[in-house]
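Accompanying notes for the structure given below.
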Amino acid sequence: MLTPMVAGGVVFPGLFLLSKNTLQRLPQLRWEEADAVIVSARLVSSVQAIMASTAGYIVSTSCKHIIDDQHWLSSAYTQFAVPYFIYDIYAMFLCHWHKHQVKGHGGDDDGRRGARGSTWAVVRGYLHKEFLMVLHHAVMVLVCFPVSVVWRQGKGDFFLGCMLMAEVSTPFVCLGKILIQYKQQHTLLHKVNGALMLLSFLCCRVLLFPYLYWAYGRHAGLPLLAVPLAIPAHVNLGAALLLAPQLYWFFLICRGACRLFRPRGSPPPSPCQTQD
């Protein structure tokens, strides 16, 4: 178990440092550290997503029996990905820190550090803004990892593979954030990427859960609506807890898509439509 985890602990931070240093030191680029950090963090997230979705596709298509069939990649990649979630919590904090500095909240010219510019204030701001994502990463490490490696006892690799394929939407999310960072919201690339992000998130994260219920129902000879009553309550609870943040993020993506594709010159939405 330790070998994949050590490999992940080297690959993801190493790729981040390599990308950041390359963007800062190449004569053709010479990016500022803030830009290099933010783009490198998005790049690593995209690479991890591609690796996870590829592993998930291999596992899910290799398992003909959705309960008993096993594939070595299911456990190996799960262990390999654990350090990514720990690294990404820190990488997201670095991105937040640099954005905080760019906005001019890093302290005054005399070197005095006020409450807003203090490290603790930045940490609190980060946890407030990214609370759901940090919680998601913590749950992946503290709950989903032990469940997938120990509790499953080698059963259900098909379902784990399908869950890994949820990462298909992540590269589109990352590219969208980079385009917004460089104020390219009105380009054709951003609109095409936004449409692909919306479609991939809907299919691979929201509709994933009904599909898994349907797949189990087909295996057990049950109609879709009878599956929740036929499986243990804690499985339904776990699925609901995993689905809830996906629905919230999908709502945010849909709201962003409405703003993106709204014709120019049209009136902004009413306050009741923009409330969080």
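The values are calculated or read from the model by the stated rules, or taken from the named source; none is laboratory data. These numbers come from a predicted model, not from an experiment. These area figures cover heavy atoms from the full protein model, side chains too; ligands, DNA and RNA do not enter into them. Shrake-Rupley method; radii C 1.70, N 1.55, O 1.52, S 1.80 Å.
The table for this structure:
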item	result
Kirkwood estimate for region 63-104, i.e. one over the average of 1/r between Cα atoms, Å	13.1 Å
Estimated Rh, region 128-185: Kirkwood, alpha-carbon pairs, angstrom	13.8 Å
Residue-averaged [θ]222 nm for the chain, counting only DSSP H segments that reach four residues, each worth -39500 (n - 2.57)	-22500 deg cm²/dmol
Degrees between helix 208-220 axis and first principal axis of the chain (Cα, 0 to 90, nearest 10)	10 degrees
Rounded to 10°, Cα long-axis angle of helix 72-102 versus longest principal axis of the chain	20 degrees
Binned Cα-Cα distances of region 1-98, short to long, each 5 Å bin given as a whole percent	2, 13, 19, 19, 15, 12, 8, 6, 3, 2, 1
Candidate lysines for bridging to Lys64, where Cα separation is under 19 Å - those fewer than 8 sequence places away on the same chain excluded	Lys155
P(r) weight above 33 Å for the chain, C-alpha pairs, percent	30 percent
Percent accessible area from carbon and sulfur atoms, region 110-235, protein chains only, probe 1.4 Å	72 percent
The chain - accessible surface per residue (Å², probe 1.4 Å)	58 Å²
D (Stokes-Einstein, µm²/s), Kirkwood Cα radius, region 154-257, 0.692 mPa s at 37 °C	215 µm²/s
Principal-axis tilt of helix 188-201 within the chain, Cα atoms, nearest 10 degrees	30 degrees
